[in-house]
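Each remark here refers to the structure printed beneath this line.
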Amino acid sequence: MIGVAGAICLLGSGRIMGVSGIVGGLVDGTGRRTAAERLVFIAALIVAPAAAASLTGGAATHLTTNLAQIAAAGLLVGLGTRIARGCTSGHGVCGISRLSLRGIVATLVYILAGGVTVAAMRALGVF
Amino acid sequence: MLRLSIAALAGAIFGLGLLVSGMTDTTKVRGWLDVFGDWDPTLAFVMGGAMLPMAVAWRVAAARRAARLTAFDGGDLPGPAPRGIDTPLVAGSVLFGAGWGLAGLCPGPALASLGFGGATGLLFAAAMLAGMVLARYVNLSANRTAGA
């Protein structure tokens, strides 16, 4: 389904389905011209799973309740994806599928960084 | 109107796909990122599976572009992928990966779970937006170009 959505964006509108870019363009104003389609995409991205979750009796993220951890993680994700100019959907799915070197490298790096972080948090007793 | 419909359709399918695949389940994501520990490879199949329709779509897009055709709604199809591995790509990915490993949410799932993720989910999304704002002030050359 994730891939089909990306294909719809690409062949339907010529857009690359990279969430950090779709959101980031609204945040820094570079996406002002395409604001409507960005907002509609984001709205659907939020509403569809919300509706599905409520119809099936709820879904859970199992997100930590440690607020400092959440805030730090969010900051890193927002900061890092904009600096890298892409995230899992952009560099990962859309990038690797076209054999983009940037996509491949970015994905390897962020997965490794994720792995190191999980291992470190375990070692520190955070997880 | 067509463009907005396409955006809505894609966003909805993407969101449902993220939910169904487990990408919004931070426990699953942590297991997948636990490459040096108790690795759960399940999400690799999710990402890999997503790449299959995308790869086909890229081939079709390339052929259409070569034939000077547009996307279905008349939009321009993307050109060749930018080349060149630069510091922002790597440094940014390190930061992103660290954040993803810390909480288990990346941008897509962060939004897709807003409807059921509670107040903590909202906090993550707010922090993510703050991080994106912060990125504008980070003095790396790649950031100065108006992005696509």
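The values are calculated or read from the model by the stated rules, or taken from the named source; none is laboratory data. From a predicted model like this one, the values you see are computed outputs, not experimental measurements. All Cβ positions, even for glycine, are placed from backbone atoms using ideal geometry, and neighbour counts span all protein chains on display. Ligands, DNA and RNA are excluded from the accessible area calculation, which covers all protein heavy atoms including side chains. Shrake-Rupley method; radii C 1.70, N 1.55, O 1.52, S 1.80 Å.
Data table
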item	result
Cα gyration tensor shape for the range A:48-114, rounded if a/c is under 1.5, else prolate or oblate	oblate
Solvent-accessible area of residue A:76 with every protein chain in place, 1.4 Å probe, in Å² to the nearest 10	50
Mean separation of Cα contacts under 8 Å, 6 or more apart, over the residue count of chain B: relative contact order %	27
Share of pairwise Cα separations in the protein assembly as shown, more than 32 Å, in percent	15
Distance in nm between pseudo-label sites at residue A:35 and residue B:2 (7 Å out along the Cβ direction from Cα)	2.5
Alpha-carbon centroid distance for the pair the range B:69-144 / the range A:3-26, whole angstrom	12
Convex hull of Cα atoms in the range B:80-141, direction-averaged projection (nm²)	5.3
Helix-only [θ]222 nm of chain A, DSSP H runs n ≥ 4, -39500 (n - 2.57) each, per residue, nearest 500	-20000 deg cm²/dmol
Residue-normalised accessible area of chain B, expressed per residue, 1.4 Å probe, Å²	47
Taking all pairs of distinct alpha-carbon atoms in the range B:47-125, Kirkwood radius in angstrom	15.9
Solvent-accessible area of residue A:28 with every protein chain in place, 1.4 Å probe, in Å² to the nearest 10	40
Rounded if a/c under 1.5, otherwise prolate or oblate - chain A, Cα gyration tensor axes	oblate
Normalised contact order of the range A:57-127, rounded percent, pairs of Cα under 8 Å and 6 or more residues apart	16
Whole-Hz ³J(HN,Hα) from phi, Karplus 6.51 cos²θ - 1.76 cosθ + 1.60, for the range A:66-81, glycine and proline x	6, 5, 5, 5, 4, 5, 4, 4, x, 4, 4, 5, x, 5, x, 5
Within the accessible area of the range A:1-91 (1.4 Å probe), percent carbon and sulfur	67
The range B:38-50 - phi-based ³J(HN,Hα) in whole Hz, Karplus 6.51/-1.76/1.60, Gly and Pro as x	8, 6, 10, x, 3, 5, 4, 6, 5, 5, x, x, 5
Relative contact order (%) - criterion: Cα under 8 Å, at least six apart; region: the range B:22-98	13
In sequence order, calculated HN-Hα J values of the range A:51-59 (Karplus, 6.51, -1.76, 1.60; Hz; x Gly/Pro)	5, 4, 5, 6, 6, 9, x, x, 10
Lys, Arg +1 and Asp, Glu -1 on Cβ, resulting dipole of chain A about Cα centre, debye, nearest 20	280
Where B meets A: accessible area buried, both sides, 1.4 Å probe, Å²	8400
